[in-house]
Amino acid sequence: MVTKAAKKKTDVAGDLSENNLPTEAELLKMPEADYMNERQLGFFRDRLRQMEQEILSNAGATTENLRETQFVPDPADRATIEEEHALELRTRDRERKLLKKVQQSIVRIDGGDYGWCEETGEPIGLRRLLARPTATLSLEAQERREMRQKMFGD
């Protein structure tokens, strides 16, 4: 079994060139012993930075969109525009929360903790991280947490 301590790198902050980053398929073909090696960390750092830039770009577009005030005399049209703005603001609020998780994940990569379950110290798994790059719990730990929340309403 691969342990967190065995794989912790002293310097994972340096970026790999984009040409050297593995594809998703190459990532999944890597042996289990290579879990969270420099190439894998580089792949996820790149993916998280892309997510971060996309979220920041969306926020900027929303700001510009909301600045464009439209005077519409028809109350129904005005209500539609206001509802669209409210929906867009809710979406950006969710993205703001995601941005915080993305930035925390980048810090975890730099600290050598990325890819390891916060609760158990076990590997989270490449498939789970590909699906949710901000995951901090293994699938089993997440299921246990959700079960506790369901049982205790926490």
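Counting only residues that are assigned to a helix (DSSP H, G or I) and hydroxyl-bearing (S, T, Y), which one in segment 44-79 is farthest from E24 (Cα to Cα)?
Filtering first and then ranking leaves T63.
Considering segment 70-88, and only residues there that are in contact with a helix residue (DSSP H, G or I) (Cβ under 8 Å, 6 or more places away or on another chain) and surrounded by 12 or more Cβ atoms within 10 Å (Cβ to Cβ), the residue that is nearest to R132 (Cα to Cα) turns out to be E88. Condition (residue is surrounded by fewer than 16 Cβ atoms within 10 Å (Cβ to Cβ), out of contact with any strand residue (DSSP E or B) (no Cβ under 8 Å at 6 or more places or on another chain), among the small types (G, A, S) and in contact (Cβ under 8 Å) with a residue 12 or more places away in the chain) applied to segment 91-108: is it met by at least one residue? No, the conditions are met nowhere in segment 91-108.
E18 passes every criterion in (1) more than 18 Å from the chain's Cα centre (by Cα); (2) at pLDDT 85 or above; (3) within 25 Å of L129 (Cβ to Cβ) apart from (2). Quickly run through segment 113-127 and pick out the residues that are surrounded by fewer than 17 Cβ atoms within 10 Å (Cβ to Cβ) and part of a helix (DSSP H, G or I). Hit for segment 113-127 is R127, nothing else.
Among the residues of segment 135-154, count how many are under 28 Å from F43 (Cβ atoms) and either crowded, with 17+ Cβ neighbours inside 10 Å or among the aliphatic types (A, V, I, L, M) (or both). Of the residues in segment 135-154, 7 are under 28 Å from F43 (Cβ atoms) and either crowded, with 17+ Cβ neighbours inside 10 Å or among the aliphatic types (A, V, I, L, M) (or both). In segment 48-69, the residues that are surrounded by 11 or more Cβ atoms within 10 Å (Cβ to Cβ) reach residues that are among the aliphatic types (A, V, I, L, M) and at pLDDT 90 or above with C-beta atoms within less than 6 angstrom, at least six apart or across chains, in these pairs: L48/V102; L48/I106; M51/V102; E52/V102; I55/L99. Scan segment 64-79 and give yes if some residue there is within 11 Å of the chain's Cα centre (by Cα) and not aliphatic (A, V, I, L, M), otherwise no. No, that holds for no residue. Please identify the pairs in which a residue from segment 19-38 that is within 21 Å of G111 (Cα to Cα) and outside any helix (DSSP H, G or I) has its Cβ atom under 8 Å from the Cβ atom of a residue that is at pLDDT 90 or above and small (G, A, S), counting only partners at least 6 apart or on another chain. Note: pairs meeting the criteria are L21/G42; Y35/G115; M36/G115. Give segment 19-54 a look and list any residue that's among the acidic types (D, E) and farther than 22 Å from K97 by Cα, or say none. Hits for segment 19-54 are E24, E26, E32, D34, E38. Scanning segment 118-154 for residues that are β-branched (V, I, T) and under 19 Å from the mean Cα position of the chain (by Cα) yields I124, T134, T136. In this structure, L137 does satisfy being over 16 Å from L56 (Cα atoms) and out of contact with any helix residue (DSSP H, G or I) (no Cβ under 6 Å at 6 or more places or on another chain).
The values are calculated or read from the model by the stated rules, or taken from the named source; none is laboratory data. Owing to the predicted nature of the structure, the values given are computational and were not obtained by experimental measurement. Ideal geometry is used to build each Cβ from the backbone, glycine not excepted, and the neighbour counts take in all protein chains shown.
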